[in-house]
1. Would you be able to tell me the number of residues in the stretch 50-81 that are outside any loop (DSSP other than H, G, I, E, B) and small (Gly, Ala, Ser)?
2. May I ask you to list the residues in the stretch 49-80 that are of a type in the set (A, V, I, L, M) and either under 10 Å from His32 (Cβ atoms) or in contact (Cβ under 8 Å) with a residue 60 or more places away in the chain (or both)?
3. Do we find a residue being closer than 23 Å to Leu18 by Cβ, in contact with a helix residue (DSSP H, G or I) (Cβ under 9 Å, 6 or more places away or on another chain), modelled with pLDDT of 90 or more and β-branched (Val, Ile, Thr) anywhere in the stretch 43-61?
4. Only residues that are β-branched (Val, Ile, Thr) and over 11 Å from Arg31 (Cα atoms): list them for the stretch 45-92, please.
Amino acid sequence: MTLPETGILVDEDTDAELRRQHEDSIADNFRHIVCFLCYPEFATMRVAPHDAQCICGKPVKAGDSPGPSTAPECVLCNEMAASHRRSAHSES
């Protein structure tokens with residue numbers, strides 16, 4: 001396989017690893033919500049500074065990048081964010 005943005009050839013093992021990293025990434029074509037009160041480091045970093053868990057339960061791994069601003073928001077995140085703030089942070 002050739003990486004389109006670089007023209008570099010990669011072997012099958014590298015190709016499989018790149019696909020796995022993309023599939024595992026928090027940027028899985030949705031924008032997820034990582035609570036900045038639970039994980040304040042996430043508010044200042046462009047990539048996940050450490051492993052964590054999204055509000056919807058999706059695992060976030062160190063180095064994952066957030067979904068682009070043009071990506072649709074995760075429906076679970078939207079539904080669960082207010083509940084999380086009420087239960088975990090006593091907000092009304």
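1. Applying the first criterion (outside any loop (DSSP other than H, G, I, E, B)) to the stretch 50-81 yields 52-53, 59-60, 73, 75-81.
Retained after the next criterion (residues that are small (Gly, Ala, Ser)): 52, 81.
Counting residues in the stretch 50-81 that are outside any loop (DSSP other than H, G, I, E, B) and small (Gly, Ala, Ser) gives 2.
2. Of all residues in the stretch 49-80, those of a type in the set (A, V, I, L, M) come to 52, 55, 60, 62, 71, 75-76, 80.
Residues satisfying the conditions are Ile55, Val60, Ala71, Leu76.
3. yes
4. Just the residues of the stretch 45-92 that are β-branched (Val, Ile, Thr), to begin with: 47, 55, 60, 70, 75.
Result: Val47, Ile55, Val60.
The values are calculated or read from the model by the stated rules, or taken from the named source; none is laboratory data. Please read all numbers here as calculations on a predicted model, not as lab measurements. For neighbour counting, all protein chains shown are included, and Cβ atoms are generated from backbone atoms with ideal geometry for every residue, glycine included.
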